[in-house]
Amino acid sequence: MNLQNSTALVTGGSSGIGFAIARMLIQNGARVAITGRDERKLKEAADALNAHPIRADVSNESDVKKTLDEVLKAFGHLDILVNNAGIGVFKNLVEMDRAGFEAVFATNVTGAMLMAREAAKHFIQRKSGNIVNISSTASLRGAPNGTAYYASKFALRGMTECWRGELRQHNIRVFLVNPSEVLTNFGAAAGYEQKPNPTKLRGEEIAHAVKAVLEMDDRGFTPEITVFATNPKD
């Protein structure tokens, strides 16, 4: 697709990977709306990007419907949904609490489903659209302390395959992007420390991958792409 004058919605776009994706799309001519739960941070990000801000929690169904309504009111139509909003809880099994487990699934799985459902209704009517699910290499294998987060990404991977099977007949492309470790504020929010390191991935590398898969002519698509750092060091 041609990103020039396209329209995109990036969830969790006020920081990290989502912010980098929104910036990349805007730099290449797209009109972009971003969502976030923190109104102050969202406004700051939107001002920096020249994006349209929508305060919303993707796990809240009424927020999701309001988000799509606002995007269509602002842009007239939608070409791209980037399901990026995500949270993490990392505990071993015997210490995992139900509230934390369910919170991860509410955002990473249910939230992604709700956003994709509402966007897909619009895309089916238009016989065109793109859904980009930002997953993780956590969707490819398990690891200690990964019960909540890794399982949520396995679920997102499974939903992606289901949506792809349903939506291709409507000329809708569904992508899965699997970043390995990226230096963002995600680690601190999830309770683990990341050391700044120039050998590790930044949000910009993931944004580049998203741009690359979207820009293929609409007659084809790359179903899945995984992004690794070349030679990361702790």
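Descriptive notes on the structure:
- Three-way shape label, the range 7-227, alpha-carbon gyration tensor, a/c 1.5: rounded
- GLY12 long-range amide H proximity, modeled H, under 5 Å: THR35, GLY36, ALA85
- Above-threshold pairs, the threshold being 23 Å between Cα atoms, out of LYS41/LYS91; LYS65/LYS121; LYS73/LYS127; LYS91/LYS195; LYS41/LYS200; LYS41/LYS121: LYS41/LYS91; LYS41/LYS200; LYS41/LYS121
- Entry note, the chain: the mean residue ellipticity at 222 nm calculated from DSSP H runs of n ≥ 4, each adding -39500 (n - 2.57), is -13500 deg cm²/dmol after division by the residues and rounding to the nearest 500.
- Among the chymotrypsin sites (Phe, Trp or Tyr not before Pro) in the range 82-114, none is located in a DSSP loop while being surrounded by at most 12 other Cβ atoms within 10 Å of its own Cβ.
- Taking a ≥ b ≥ c as the square roots of the eigenvalues of the Cα gyration tensor, the range 142-234 is oblate, since a/c reaches 1.5 or more and a/b is not larger than b/c.
- Qualifying GluC sites (Glu not before Pro) in the range 1-76, where qualification requires a DSSP coil assignment and no more than 13 other C-beta atoms within 10 Å, are lacking entirely.
- Gyration tensor verdict on the range 28-76 (Cα atoms; rounded if a/c is under 1.5, prolate if a/b is larger than b/c, oblate otherwise): oblate
- For ASN133, the shell of other residues with beta-carbons less than 12 Å away shows a net charge of +2, using +1 for Lys and Arg and -1 for Asp and Glu.
- Extension reserve of the ARG40-HIS77 stretch, reckoned as 0.36 nm per residue once the Cα distance is removed: 10.7 nm
- Relative contact order, percent, the chain [alpha-carbon distance under 8 Å, six or more residues apart]: 21
Here, each number is a calculation from the coordinates, and none is a lab measurement. None of these values were measured; they are calculated from a predicted model. FYI the Cβ positions are ideal-geometry reconstructions off the backbone, even for glycines, and counts take in every protein chain you see.
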